[in-house]
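The values are calculated or read from the model by the stated rules, or taken from the named source; none is laboratory data. What you are looking at is a predicted structure, and each value in this text was computed from that prediction instead of being measured. When we count neighbours, we look across all protein chains shown, and the Cβ atoms used for this are built from the backbone with ideal geometry, even at glycine. For accessibility, only protein heavy atoms count, side chains too; no ligands or nucleic acids. Shrake-Rupley method; radii C 1.70, N 1.55, O 1.52, S 1.80 Å.
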Amino acid sequence: MKLAVTTLASDITLPFQLSLLEGDFSTRLRKAAALAYDGVELVVLEPAQLDAAAVQWQVKDRGLEIAAIASGAQASLSGLTLLAADEHIREQAYQRLIELIHFAAGCGAPLVTIGSFRGRVSTGSREQAREYLVQILRKACMIASAVGVRLVIEPLNRYETDLLLNAAEGLALIEDVGHSHLGLLLDTFHMNIEEASFHASIEQAAHAGRLWHVHIAESNRLSPGEGHMPFDEIFAAIHRSGYVGYCSAELLNRPTADIAATKTIEYCRPYMTGGR
Ligand code: LER
Ligand code: MN
């Protein structure tokens, strides 16, 4: 199991509270490496503004990996969601997803996340929205597999979406899409609200062979140790499941983005090797 920190790519200058580390992009990478994170999860808004090869080089030069390309800022900063009521916005969002996939391929990132980027059921029935999502994810997976990138769908809590709230619903959607390149991203913050059991959901996703990425945050979305999340149970279940991927710190940049990143790695590092 490896630890990543979520941080903004250099195309984002607007404030975004789910990203850690302060300074310009190169400073943020230097800090991630100095804190001994294994990788970074890069929040990207407009891939066209970035040079994928240069990003790959900058990250590698610091001895880091790119754990994933995150679409988490699309909904709030670009206003793009895959399920938007407006057909043009929906189409633009789909095109943005394809750009993110190509960007991930260009910088050697294995995954593109889809959490808040899917949006909400905005028009028609829930079943219609879900079927539309199945269709576009199938198309996107075909493109992703052609360039060696995988997609991860992230269940979100009920206050942030009305489609795919928990691991079981995420796995059912993955089954309906029926493509080898779609897996699950479990975020402890959302799990704490929606799942009946942390360990049962982790085991279910891993048993299905679809636990491909994890976001970690406390119950209050602060850094681990600042809330009441049962991290002993969570990390024990992740270890037992055989998961060797990334746990990515995706949490509020409080009290500061640097302090949150520092506290997270201090608290979580022992768990990465099975200890604490
Ligand atoms: C938002 O709450 C979240 O967890 C992000 O990963 C969504 O894209
Ligand atoms: Mn998340």
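Overview of results
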item: Residues of segment 87-103 classified as away from ligand 1 (no atom under 15 Å from the Cβ) and open to solvent by less than 40 Å² (accessible area, probe 1.4 Å), total; result: 4
item: Residue ranges of helices (runs of 4 or more DSSP H) in segment 126-212 with at least 1 members free of Cβ contacts under 8 Å to residues at least 40 places away in the same chain and more than 16 Å from ligand 2 (Cβ to nearest atom); result: 126-146, 167-177, 198-207
item: Check on residue 222, in contact (Cβ under 8 Å) with a residue 12 or more places away in the chain, open to solvent by 10 Å² or more (accessible area, probe 1.4 Å) and within 16 Å of ligand 1 (Cβ to nearest atom); result: yes
item: Qualifying residue in segment 113-136 (condition: in contact with a strand residue (DSSP E or B) (Cβ under 6 Å, 6 or more places away or on another chain) and either within 13 Å of ligand 1 (Cβ to nearest atom) or among the small types (Gly, Ala, Ser) (or both)); result: yes
item: Restricting segment 123-168 to residues that are touching a Lys or Arg at 6+ places or on another chain (Cβ under 7 Å) and surrounded by fewer than 21 Cβ atoms within 10 Å (Cβ to Cβ), the residue that is farthest from residue 113 (Cα to Cα); result: 162
item: Residues being open to solvent by 50 Å² or more (accessible area, probe 1.4 Å), in contact with a Ser or Thr (Cβ under 9 Å, 6 or more places away or on another chain) and hydrophobic (A, V, I, L, M, F, W, C) - total across segment 225-263; result: 1
